[in-house]
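Scroll down for the structure; my scribbles are underneath it.
The values are calculated or read from the model by the stated rules, or taken from the named source; none is laboratory data. Predicted model, so just to flag it, every value in this text is computed and none were measured. Glycine also receives a Cβ, built like all others from the backbone with ideal geometry; neighbour counts cover every protein chain displayed.
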Amino acid sequence: MLTGAGHQAWFVGGCVRNALIGAPISDIDLTTDAPPERVTALAKAAGFHPVPTGFDHGTVTVVVEGAPFEVTTFRRDVETDGRRAVVAYAGSIAEDAHRRDFTMNALYADPAGAVADPLGGLPDLQARRVRFIDDAHDRIREDYLRILRFFRFHAWYGDPAQGLDPGALAAIAELSDGLETLSRERVGAEIRKLLAAPDPTPSVAAMGTTSVLTRVLPGADARALPVLVHHE
């Protein structure tokens, strides 16, 4: 649909990451140089059903035979308040990659399956190393939920034997008060995803080395972890 009309089309994020490690794929996201109006027109012309799920941010969900594909125009952040970002369209995947959270989520694959890795995410994925893109402070300030996402991604994709990135932990400890700006719903959803990992205990224990654990679960400490994980 997109490439046939002369546009770029790249699979991106979780679907690429999970395909590379043989993990289940639940959502398929694509990114393109086509603006959302063009994506919508092309989807309709192809007989698909476009849904403007995030039109103002460049996102159109294209439903193909009942399966949703989230298609987003290349973007870059121009302003953020720690909860949501004002975005502008970008011109390349290299620019688009810098607005993402972790290097392993900035992996792209073209329709033929060739992988593009503009920020070194593939070695990190292979090493089971969760690393913020560029400066961790900047990525966290863009969206404080990334603090919890860091621990969740370590629970699912990290290597407990390596431990967590010390620089990231230092940034998290410094900026953890930003969690108070987030809604309970966003925090709760992220915690549930973390606790659904096969063994979340190392990640939750690492949360206890900063003030994150007590901010999201007041009164919790390391002694509560086995009960917490079992309860979930």
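The rows are residues; the columns are (1) out of contact with any His (no Cβ under 9 Å at 6 or more places or on another chain); (2) surrounded by 22 or more Cβ atoms within 10 Å (Cβ to Cβ); (3) assigned by TED's automatic domain parsing to the domain that holds L217.
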residue	(1), (2), (3)
V115	yes, no, no
P118	no, no, no
I140	yes, yes, yes
D143	yes, no, yes
F150	yes, yes, yes
P160	no, no, yes
T181	yes, no, yes
R184	yes, no, yes
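For the residues A43, A34, A67, the requirement of being surrounded by 15 or more Cβ atoms within 10 Å (Cβ to Cβ), out of contact with any strand residue (DSSP E or B) (no Cβ under 6 Å at 6 or more places or on another chain), outside the structural domain of S176 (by TED's automatic domain parsing) and at pLDDT 95 or above singles out A34. Please determine, by comparing only the residues of region 70-85 that are touching a Gly at 6+ places or on another chain (Cβ under 6 Å) and closer than 19 Å to V16 by Cα, which one is modelled with the lowest pLDDT. Ranking the qualifying residues of region 70-85, first place goes to R75.
Say we look at region 54-64 and pick out the residues that are modelled with pLDDT of 95 or more and over 12 Å from M1 (Cα atoms); which of these is surrounded by the fewest Cβ atoms within 10 Å (Cβ to Cβ)? The qualifying residue surrounded by the fewest Cβ atoms within 10 Å (Cβ to Cβ) is V63.
Among the residues of region 99-113, just one is of a type in the set (D, E, K, R) and surrounded by fewer than 18 Cβ atoms within 10 Å (Cβ to Cβ), namely D110.
When D110, D101, D143, D199 are screened for being in contact (Cβ under 8 Å) with a residue 40 or more places away in the chain, in contact with a Gly (Cβ under 8 Å, 6 or more places away or on another chain) and not polar (S, T, N, Q), only D143 passes.
Filtering L20, L30 for residues that are under 22 Å from D101 (Cβ atoms) and either among the small types (G, A, S) or part of a strand (DSSP E or B) (or both) leaves a single hit, L30.
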